[in-house]
Amino acid sequence: MQTRPDEELNVDLLRRLELLQPYTHRSAEVAADGREKFLAQAEEFRSKRMSQQAVSLSLTMRLNGWISDLIRDLRRNIEYQKLHNKERFVMLTTITTILVTFSILFGGAGAAVYAAQDSMPNDLFYGVKLTGEDIHLQLTGPITDQLTLTLEYTNRRSTEIATIIAEDEDIPPRLQTRYREQLNFALGLAARLDDAGMSQALEKIRASLHQQERVLTQAMANAPEHAGLVMNQVREMIRAQIRMVDLGLENPLAYRLLLQQQLQYQNSHLQPPWEPSDPGNGGPGPGPDHDAGPGPNDPAGEGPKGVPGGPEDKPGDCDPPCEPAKDGTGSGSGPGDEDDPPNQDGGGKDPDKTPPGDGGKEPGAGDAKNPDDPPDTNGKGSG
Amino acid sequence: MDNEHTLLERVRQLDERALSELYDLYSGEIYRYAVRLSGNTDWAEECVAETFSRLLTALNGGGGPKQYLRAYLYRIAHNWITDYYRRQPQDPISLDPEIYAEPDIEPHEVVIQEHERQQVRSALKKLTPDQRQVIALKFLEGWKNQEIARAMNKPISAVKSLQHRGLKALRRILENEP
């Protein structure tokens, strides 16, 4: 057998490789279709990213503003009480609020909170009750626990409304506002979970909403005529929230988008009415609805400000769940036969979860990690 | 390079125009790379779609290229092709090859050429992924060693070594082909 020189062999080899260079050109139609799909996927990611940012920003803003809100509400309460020469109530409310804060912060179920537990919206201690709710929520860590607590508070609001109706009194606007904000906050909490978690959370919210609707429907049966309009507004609000929940269960992306739009709208259009030009003026006084002015922790605004916020987003709160980039290395072909095809296993992995790298490491080729390593599907080989 | 760096910055923000530009700039190249290795246009389209989709997923998760977009895309495509080979023990081109024919060539020559192409592709498939990538980028795509080194994140000396051993292995495989 005659052996050709290496060089001649390589020339022949290169000629054969060159045969692969001509190729069937890409169909413009297929290329356009691929481009469209790529951009649609990008749009989806972009929307999700914006949604997460909006929710996160909103919650952060609430958290940052919460302490100052509390202090401002306290100061306004004092101003209001001064105006009405009720110094002893000033002291009482101030001390009570401080007690609430300290008792919760240091683990005790304070007497002040306990005293305010059963207060109604028209009561002096109602603001303390709401403050207590907010502080509890602030101290609650996981989103799911925050949700449970928030839904408990919305149940309270519906019961309060039913009670007020039964007593033939007017429903204070701030109660409606608070109710709506807490429901919105619950929806926002759900949006911060991943799709599976959000689905469970929305089911929970829906169950609560149906329960609250039943309570209010029963209350309406005995409601005085003048309460009908407000009650209808409240029920309509609950139904709107149920529709929102249904949307979230059917289409999580659309749900997040809509929620984001609502947040943006609220942030850009609605100014809390208790933001007077003169901050020293304790805001609107008590109106005909027996609303005792802007009480402690009364958000009294349409925006998200004043709604109890959660802690900052945690790494685990990403939606979709964050997946840290991993570097991986393939492992080499067996020693002694460098030309063996790689012994690879575990194909078909999720590219996002699989460490990047090469399926088979070439002996002596080096395996420095690259920050640009792409998602890989064959990051693991066996050496 | 500056242009690519600027483009990368915008792509990382998922900027629509930047992504359009990116796709127009590189999808054709990736398609060509895949179709040369496979000879199958559907397969190549799938490779393009998956490559760009994985890029988006990586960007969305905070990953993605830090410096070289093009090299990154080729690495994704290379990984996809390697994975595809592994999942498809049979040569994907053997069932429904799309024969490339130049207009002025005789039909029997077309058949011979296509047979030779299939042999080369089949031989390439038997190389290690690194060897295959070096050979494909160097001799099919016409890249320089420095570019290949960047795409593979290996020193140039390693690229040269891979090229040498890859050609040697390819020659041996082709000699043993019937």
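Laboratory data are not the source of any read-out in this text; all were calculated from the coordinates shown. If you're wondering where the values come from, they're calculated on a predicted model, not measured in any experiment. Here Cβ is always computed from backbone atoms with ideal geometry, including for glycine, and neighbour counts include all displayed protein chains.
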*How much of the calculated P(r) for the stretch B:1-88 lies past 19 Å, in percent of all Cα pairs?*
35
*Which is farthest toward the positive dipole end of the stretch B:1-88 among B:26, B:14, B:43, measuring Cα position about the Cα centre, with Cβ charges +1 (Lys, Arg) and -1 (Asp, Glu)?*
B:43
*Unit charges on C-beta of K, R, D, E only; dipole of the stretch B:1-88, Debye*: 360
*Proxy reagent accessibility, fewest Cβ within 10 Å first, across A:45, B:52*: A:45, B:52
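If we count other beta carbons within 10 Å of each Cβ, what is the order of A:36, B:21, fewest first?
Ascending number of Cβ neighbours within 10 Å: A:36, B:21.
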*May I ask you to order A:252-265, B:127-140 by the average number of other C-beta atoms within 10 Å around their residues, highest value first?*
B:127-140, A:252-265
*Which GluC sites (Glu not before Pro) does the stretch A:112-209 hold that lie in a coil by DSSP with at most 11 other beta carbons within 10 Å?*
A:167
*Ranked B:143, B:80, criterion: other C-beta atoms within 10 Å, fewest first*: B:143, B:80
